[in-house]
């Protein structure tokens, strides 16, 4: 016992500090002040990095929303005055409560005669929201690759209505029904309204390592966007993030659909067909349907905007939160490129928890270290 105590005394004696000479002496800690001086530069760098990331998140969010609204042709000033509009809606709601009994009789009479009652400012604003769709190949794609975008769009629910389209049930392992339910649960987590999330079970579009028919997928997507009056689509690019053939098939189909719309837009209708498309009668006056279409921005010949998620190489794909800086640099002076940034890795964990059948051990690592957990960079298809 005495021998052990002597050995400990020798190893802790100041004579051994002679080995910590030169730069290594900076790491020798003898007091609380040394600890503070050692941690001060590290804390300063951490604070600087956090401030840069938060500033990037705010600036990208504003640019993201303004880009979507500008493409739609909406009033951009409505974004800045959203707080004022909320305050102005409160007196309207009180007036509605006071005149509730009077209006109820009128509404019953209008319903009896089949007349259309006027929409309230709040309902009109909700119906006039920009409708966007996220098109993916499998359940869990929306969480693994598009979480920043879905989280950002959830924050803009006053201006944007989100739809989700999953082209397969992910039935490769016989879990199609389970994964379909998980997809709908994840959609609710991101604030997608009931009925706005759809999972397809098509024999021609089954989960696997084969390519899907672009024509078939394009027909399905076109039917979906026409039914829901979608004006903007987010999906994969030509590499499909993970080079999965189904992801690439979605890109090819959306590109084909975009080319179809452009071809139809170039072939302008003539005579009465063009007047009907523009909502005019035979004398050139605007019909009720034309006014309705113009108010809601539902022009028949409009082109759907398509934004493609940028695929990264292996190094950048697993840079984690640091990729926010590279994404910011990549978007500079690129008018057709936008980024969504959301510093919420735990939201991705909650999303993957909705896909519990797919939440295997290596996906825990993917959630924390993948750059797609923190930022999405989109390139818009241009004519």
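List of remarks:
- Of all residues in region 311-339 being in a helix (DSSP H, G or I) and farther than 17 Å from residue 373 by Cβ, the one that is farthest from the chain's Cα centre (by Cα): 329
- Residue check, residue 229 more than 13 Å from the chain's Cα centre (by Cα) and free of Cβ contacts under 8 Å to residues at least 60 places away in the same chain: no
- Top-ranked residue in region 351-363 [being surrounded by fewer than 16 Cβ atoms within 10 Å (Cβ to Cβ) and touching a helix residue (DSSP H, G or I) at 6+ places or on another chain (Cβ under 8 Å); ranked as farthest from residue 151 (Cα to Cα)]: 357
- Contacts under 7 angstrom Cβ, first residue in region 63-82 being exposed (fewer than 15 other Cβ atoms within 10 Å of the Cβ), partner modelled with pLDDT under 90 and not in a helix (DSSP H, G or I), 6 or more apart: 70/76; 73/297
- Search result, residues across region 189-210 that are outside any strand (DSSP E or B) and out of contact with any strand residue (DSSP E or B) (no Cβ under 8 Å at 6 or more places or on another chain): 189, 194, 195, 201, 203, 204, 206, 207, 208, 209, 210
- The criterion of at least 1 residues that are touching a helix residue (DSSP H, G or I) at 6+ places or on another chain (Cβ under 9 Å), farther than 25 Å from residue 194 by Cβ and at pLDDT below 95 is met, among helices (runs of 4 or more DSSP H) falling completely within region 96-162, by 100-112.
- Qualifying positions in region 357-383 - more than 18 Å from the chain's Cα centre (by Cα), touching a residue at least 60 places away in the same chain (Cβ under 8 Å) and not in a loop (DSSP other than H, G, I, E, B): 357, 358, 363, 366
- Selection status of residue 35, in contact with a helix residue (DSSP H, G or I) (Cβ under 8 Å, 6 or more places away or on another chain), at pLDDT below 75 and surrounded by 10 or more Cβ atoms within 10 Å (Cβ to Cβ): no
The values are calculated or read from the model by the stated rules, or taken from the named source; none is laboratory data. The shown structure was predicted, so the numbers you read here are calculated from the model rather than taken from an experiment. For neighbour counting, all protein chains shown are included, and Cβ atoms are generated from backbone atoms with ideal geometry for every residue, glycine included.
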